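Read-outs: derived from the displayed coordinates by stated rules, not from any lab. On a predicted model such as this, the values are computed, not experimentally measured, just so you know. Glycine also receives a Cβ, built like all others from the backbone with ideal geometry; neighbour counts cover every protein chain displayed.
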Amino acid sequence: MTATLALSGCGGPFPQSTLHPRSDFARATDVLFTDIFWWAAAVFVVVELLLVVALVRFRHREGRPAPKPAHGHTLMEIAWTLAPAVILVFVAVPTVRTIFSTSGVAPADALKVQVIGHQWWWEFRYVDLALTTANELHVPAGKTVRVGITSADVIHSFWIPPLGGKRDAIPGQTNYIAFRADSTGDYSGQCAEFCGASHANMRLRVIVDTDSAFGAWAQNQLGPPVTPPKGSLAEQGKAVYARSACIGCHVIQGVSAGVIGPSLTHVGTRTTIASGLFPNDSAHLARWIADAPAMKPGSIMTRMQPPLSDGDIAALVAYLELLK
Amino acid sequence: MSGAPPPPTGLKSWLTTTDHKRIGLLYFWTAFSFFLIGGLEALVIRAQLARPDGHVVSAETFNQLFTMHGTTMVFLALMPLSASFFNYIVPLQIGARDVAFPRLNAFSYWVFLLGGLFLNASWLVGPLFRAGVLNVAPDGGWFGYANLTERQFSPGPNIDFWVLGLQILGISSLAAGFNFIVTILNLRAPGMKLMRLPAFTWMTLVTQFLIITAFPVITVALVFLMFDRFFGAHFYVHQAGATPVLWQHLFWLFGHPEVYILILPAMGIVSEVLPTFARKPLFGYTVVVYSGVLIGFMGWGVWSHHMFSVGLGPIADSVFAATTMLIAVPTGVKIFNWIATLWGGAIRGTTALHFAVGFIAMFIIGGLSGVTHASPPADLQQTDTYYVVAHIHYVLFGGTILGLFAGIYYWWPKMTGRLLSETLGKWHFWLQFVGMNLAFFPMHFIGLLGMPRRIYTYSADLGVSDLNLVSTIGAFLIAVSILVFLYNLWRTRRHGQRAPNDPWGGASLEWSISSPPPVYNFSVIPTVTSRLPRWQTEHHGPMQDPPAAPPAPIHVPGGSWWPLIAALGLPIMAVGAIAHTLWVVLAGAALLLVGIYCWAFEPFEV
């Protein structure tokens, strides 16, 4: 679909473009779309041309004889019934073939990931690795990933355009997609089904690594959380965390066991916070802890009541940043 | 007009009217007002999205705006604008004195008005719920997907307004649907066989059948949701063994026929305007009519193409892809017949013709992009993105709205007795044509580049900021075109040229009587001998127009208060439900029953 893109006059990078497929799945749907697009473009040109010619050629002029009252023409009716029908056969056959080839089937050795949509963040569970993380999905390049998609609350839709088309995350049901990323890279996506106040803020990232980098990442994620050094600011932060409302919703292995919000065991390894909305740095973390709904409307993580002191927040930020 | 009393005037005469022409005008002005409200909502949406990270409105307000924009345009603007022509034009085209059930017709209008006011009151009544103004309007999308719309996830009164408001509006549509089916089938003038009906009346008939079959489906869906929200039922709650996908099936089983409810009347208008201004009969009348009927039937077998990302499985996806592609065939046939109607004609470039041709040119774009998402794998990248927003606006703005404007310019002289300015009309057309393409064409790219729909903010990183700015500029250009149209209406009221019976040389019966028609329509009911009664064709000469004055006095029934009174019961019931106050619900129900009872026993002669 590079032709269409050229028309739009944009040359910059489009991280969520459907026209730059980066996986087998995305490529299959893109090829199909390109096919249909050219059929549609051809029909468009023919029909609009006929319309314009009719308008120019048969405009009313004084002195012309009255038009002949043609009521219809059976052969022409048959012709322009059959013509679109034949074109549609050329669209339908590859369509059905692609439906079956992209229906989420994957080889047995595929990496299996369970995606769970929440208002408004993503939970990722690596089924065979017993590993859970949030909002940033790591997968190896060149290996098929089979994603099972469901929801913990309302209907969401899981979508990373360069890697493949969306599937809805529906509570009580699991939908599957399978894709094999071409090469390493960093991709962005977001929820595509309206899911409430912060639907626009339910973004995600997919980091496609080499096999070995992915292995190292997984190894680290499976390990215990970092213990802050004695007497450090981060150690104070851990104490603040342990006595605050945080523990009700978040898990840090060995520290707290909440399951409502994202796991924080290795939160320091993530590049973004708030479901891909803000960079994971101390300034944004501090603002987020103090007043999450101000950064993400409707967020279930409410304003801290009573508010934490600036010192407590700074300590907490130091602790979270340490959790690599 | 000897033999007939002068038409009554004053507020009472409008509140009690049962004259289909007055009700048609009431529909027009009410629906057009809602169209302006829905348009303002669209402008705020576009202002917010003009730049990335916009701060014109909050997330919550934005969600209410796009919900009400969709709901308003579908239920309060486009459907009732079509209804305004059903009311005014259909009885004239079939040679009738009124619709079959004039008081039911008034009831339909009042229920529509009150239902629309009830829905829109939600913008203002926030303080009654200890919330701010602009806080309790519906915010679940015009499609209202469960389970987001369940009480658990939408605890406020927002969705209650939507659930109750749509049920009220459904009653209006259903009552009108039955009324027009009976009218078209039973009140045709002598000789007006079904295959002599004007194309617009035919498409009206198909639309009414779709309405009476589709609206019960959404009513069931809404009643389920109402039971879930008010009485703790679990129709869409997966923890109770149900599935929220049930809502989607029910909604789109209604929603896809609804698309044809919105487009078929406009297709009917285009099928009237093109022959008149090409001075040539509609090419392939029979095929155009049958393809309209076929679309009506096939529209029932395609609903799951709104659900290709739901995971229905490859077999279901393949079947719905096939049925959806098939429906392109009768649609294409219509387009070819319209072009063939123009071909060989003597085309007069009136404003109405501009809009009718604009309909064809723009509807093709919407139809073709529709084919690209009839293919489920391709649709996985398109559904719920701006690509689909582009598609529906090419169909419903490029199609329905341009078609309705063609109808307005075409029939305004008949409805008001004055001709709209053609110069202003052409300004209106070209501004709107350019505006809509600026507004909606970039949305194809915005969607393909990865911007989902229904998001109140987007990141500059997506690379779609400039395209969004162009789209916003287009939206405001559309607003300018509407201002030109409003000025045209205002100017015509005072200075418009008086319309003769037949300013355009039309073939159908409405052009045989004065503009506007007398209260009884036809001084003598015409006898119809052909499909083009007022035209000279190879087989017959034009019919004799009815005499200006009736040979004998014509009895015209007086008005009635009861349709309005009965209609008032419905919003009162809804207010009671929202306030969780049983006695108000019962009072509303009592008023409805009293209204219907007195209506039923009202003496015929008033």
At a Cα cut-off below 24 Å, give the lysines reachable from A:Lys296, other chains included and same-chain residues fewer than 8 away excluded.
A:Lys166
Expressed as a whole number, the average count of other chain Cβ atoms within 10 Å around the Cβ atoms of B:234-241 is 1
Applying the gyration tensor rule to the Cα atoms of segment A:200-250 (axes a ≥ b ≥ c; rounded if a/c under 1.5, else prolate if a/b exceeds b/c, else oblate), the class is oblate
Dimensionless Rg ratio for chain A, taking C-alpha atoms and the 2.2 N^0.38 Å reference:
1.36
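Of A:Lys68/B:Lys280; B:Lys280/B:Lys414; A:Lys238/A:Lys324; B:Lys334/B:Lys414; B:Lys334/B:Lys426, which sit over 18 Å apart, Cα to Cα?
Over 18 Å Cα-Cα: B:Lys280/B:Lys414; B:Lys334/B:Lys414; B:Lys334/B:Lys426.
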With θ taken as phi - 60° and the coefficients 6.51, -1.76 and 1.60, list the Karplus ³J(HN,Hα) couplings across segment B:391-396 in order, rounded to whole Hz; mark glycine and proline as x.
4, 5, 6, 5, 7, 8
Amide hydrogen neighbours beyond the local backbone of B:Tyr458, cut-off 5 Å, H modeled:
B:Asp53, B:Gly54
Rounded if a/c is under 1.5, else prolate if a/b is larger than b/c, else oblate: which is segment B:30-498, with a ≥ b ≥ c the root eigenvalues of its Cα gyration tensor?
rounded
In whole Hz, the Karplus estimates of ³J(HN,Hα) for segment A:225-230 (6.51, -1.76, 1.60; θ = phi - 60°; x where Gly or Pro) are x, 5, 9, x, x, 4
Which angle from 0 to 90°, rounded to the nearest 10, does the C-alpha axis of helix B:402-416 make with the longest principal axis of chain B?
40 degrees
Cut-off under 5 Å, modelled amide H: who pairs with A:Phe278 long-range:
A:Ile273
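When DSSP assigns beta bridges and you keep just the ones with both residues in chain A, what percent turn out antiparallel, to the nearest 5?
70 percent
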Once exposed loop chymotrypsin sites (Phe, Trp or Tyr not before Pro) are cut out (DSSP; at most 14 other Cβ, 10 Å), longest piece of chain B:
B:1-600
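Partner chain Cβ atoms within 10 Å, averaged over the residues of A:58-70 - can you pull that number for me?
5
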Can you work out ³J(HN,Hα) from phi for every residue in segment B:578-586, in order, using Karplus 6.51 cos²θ - 1.76 cosθ + 1.60 and θ = phi - 60°, giving whole Hz and x for Gly and Pro?
5, 7, 6, 10, 4, 5, 5, 4, 5
Burial ordering of A:Trp121, A:Trp217, fewest other beta-carbon atoms within 10 Å first:
A:Trp217, A:Trp121
Looking only at lysines whose Cα falls under 23 Å of B:Lys12's and that sit 8 or more positions away or on another chain, we get B:Lys21
Between A:Leu131 and residues 5 or more places away or on another chain, the pairs with built amide H atoms under 5 Å apart involve A:Tyr126
In degrees from 0 to 90, rounded to the nearest 10, what is the angle of the helix B:59-71 Cα long axis to the longest principal axis of chain B?
30 degrees
Using the alpha-carbon atoms, what tilt in degrees (0 to 90, nearest 10) does helix A:310-322 show relative to the longest principal axis of chain A?
70 degrees
Would you mind counting up the charge near A:Met304? Only other residues with Cβ under 10 Å from its Cβ, with Lys and Arg at +1 and Asp and Glu at -1.
-1
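Using a/c under 1.5 as the rounded threshold, could you call the protein assembly as shown rounded, prolate or oblate? The axes a ≥ b ≥ c are square roots of the C-alpha gyration tensor eigenvalues, and prolate needs a/b larger than b/c, oblate otherwise.
prolate
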per DSSP, antiparallel bridges as share of beta bridges in the protein assembly as shown, % nearest 5, sits at 70 percent
Just A:Ala314, A:Ala70, A:Ala169 to compare: in a GNM of chain A, with alpha carbon springs under 10 Å, which one fluctuates most?
A:Ala70
Need one value for A:15-21: mean number of C-beta atoms belonging to other chains within 10 Å of its residues' C-beta atoms.
6
